[in-house]
Structures are given as C-alpha cells and as structure tokens.
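Asks: Encoded as structure tokens, here's the structure I'll be asking about.
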Amino acid sequence: MTTQPRHPFPNHHPSDALLMAYGAGCLSEGLSLAVAAHLALCPACSTAARTVDALGGALLDAGAGLDLDAGALARTLARLDGPREAPAPAPPAAGPFPQPLAAYVGGDPRWQRLAPGVRRLELLRRTSRGGAAQMLRIAPGVTLPHHGHGGLELTLVLSGSFADETGRYGPGDLAEVDQDTRHQPISDTHEDCVCLIATDAPLRFTGILGRLVQPFIGM
C-alpha cells in the first residue's frame, strides 16, 4: 500500500481513504488512536484531517433534513437542565508520548516481557471482532516473526525505527498494511524501536513459533 508524501518528515502518512474513514468515525477505537497520535506528530496530516472534517460538515449542511419526533426537543432540554457529572480528572503525563496516546498509557506504564528484546504494553484488549491496540519496545537488531494480516494494521513509530518489505519507518511514520501484506519487521537502529500497533483483526503468523505465542501476545 502506498503512502502520501504530504510532508518531508514524517515520511509515511495515512492514506486518503484512512483519513476519510477517521473523519467519518468509521474506524475502531484502536485504529482511531493510531491515526490521532500520528496527527499530533504531523502538522500536514492534521491540516488534511481538518479539511476532511470541514468537507463532512458541508455535506451535512447540503443534505436533506430529517424530521424529529415531537418529544425530541423536550428530552434534550431535560437532559441539559438535569444534574451534571463532575469531569474526570486528567490522566497524568506519560513521558514523551503524544496526546491522545498519553491518556491511554497513563503515568506508570508497566511493560511486559514478551521475548528476548521485546516488551509489550497493552492498551486495548482484543475484541470479539479481533481489534486490539498495544505498544511494543523492540531492542536494536531484533526481528519480529513473519506474519500476514486478517484486516488492517496500523503501526506508528514513536522512537527508533524499523524496516520491512514495505520500507523503512522512523519517528512519526505511520505504516498502513492490510490482508494483502506479509512482512517481517526488524528494529534497525542503535536504539529501541517504540511503536504503537493497532489492528482490527488478528495477525496471521506464518511460522509455528508465531502461532504458538499468538494467544499470549494479543495480536
């Protein structure tokens, strides 16, 4: 899948179709989180997303109106006049992570060891449909198992970098792959590669080792 050269850095951005789906609210929570975190790091894509929102608003204004039932206004006013809950306290800062990712990480992230050189921080457990979101911290030179995908996978690099059959991805880059992609990422710099990974379906590991550990890694 190709990426759009909207900005010299980051170098890999969400596709136009992905931005449209994000603006329309059609993505799962995990996929939306990955896109939103990229927008916080990429001014060009943030501007493009606002354009998508403006286009959606214009389409709504141009569309035919719908008649509401007779009690809709009264129910809305009653809710406005009713007791209001106190706003939840803001979560503590989570180091260098961009908003809104920091809100999911929290102030005391607890990384779990998955394998030698690989640690995981679970953010959203896999749903009945297969969606999940987590962060990985991959030591330099470590290669992840070769795998394909049952659906869409978004990987946002926060620090370090990785390379695979589709290219090389550094800080702020968003890798967007689907069920037609099979790859084997490798952390290819002298520092840990820290990334956010969101999926809407389980991965399809091609090796026996990957299939054996899949229930334990939630991907």
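The values are calculated or read from the model by the stated rules, or taken from the named source; none is laboratory data. Nothing here was measured: the structure is a model prediction, and the numbers come from that model. Note: ideal-geometry Cβ built from the backbone for every residue, glycine included; neighbour counts use all protein chains shown. Side chains included, ligands, DNA and RNA excluded: accessible areas come from the protein's heavy atoms. Shrake-Rupley method; radii C 1.70, N 1.55, O 1.52, S 1.80 Å.
Asks: Given the Cα-Cα distance of THR127 and GLN99 and 0.36 nm per residue of separation, how much length would full extension add, in nm?
Replies: 7.8 nm
Asks: Let me ask something additional. Taking amide H atoms as placed 1.01 Å from N in the peptide plane, list the residues 5 or more away in sequence, or in a different chain, whose amide H sits under 5 Å from that of SER159.
Replies: For SER159, the qualifying residues are VAL194.
Asks: Let me ask something else. State, as an integer percentage, the relative contact order of the stretch 111-205 based on alpha-carbon contacts under 8 Å between residues 6 or more apart.
Replies: 36 percent.
Asks: Would you kindly find the accessible area of GLU165, with a 1.4 Å probe and non-protein molecules such as ligands, DNA and RNA excluded, rounding to the nearest 10 Å²?
Replies: Accessible area of GLU165: about 110 Å².
Asks: Report the FRET efficiency, 1/(1 + (r/R0)^6), for ALA115 and ARG182, where r is their Cβ-Cβ distance and R0 is 22 Å, rounded to 0.05.
Replies: 0.65
Asks: Can you tell me how much longer the chain between ALA44 and ALA24 gets when fully stretched, taken as 0.36 nm per residue apart minus their C-alpha distance, in nm with one decimal?
Replies: Net length gain for the segment: 5.3 nm.
Asks: Quick one: Cα centre-to-centre distance for the stretch 119-151 and the stretch 6-48, in angstrom?
Replies: Here the two parts' Cα centres lie 19 Å apart.
Asks: Give me the number: length gained by fully extending SER15 to THR166, i.e. 0.36 nm times residue separation minus the C-alpha to C-alpha distance, one decimal in nm.
Replies: Fully extending the segment from SER15 to THR166 adds 52.9 nm.
Asks: A further question on this structure: How do 147-157, 183-193, 17-27, 102-112 rank on mean C-beta neighbours within 10 Å, highest first?
Replies: So the peptides 147-157, 183-193, 17-27, 102-112, ranked by packing, come out 147-157, 183-193, 17-27, 102-112.
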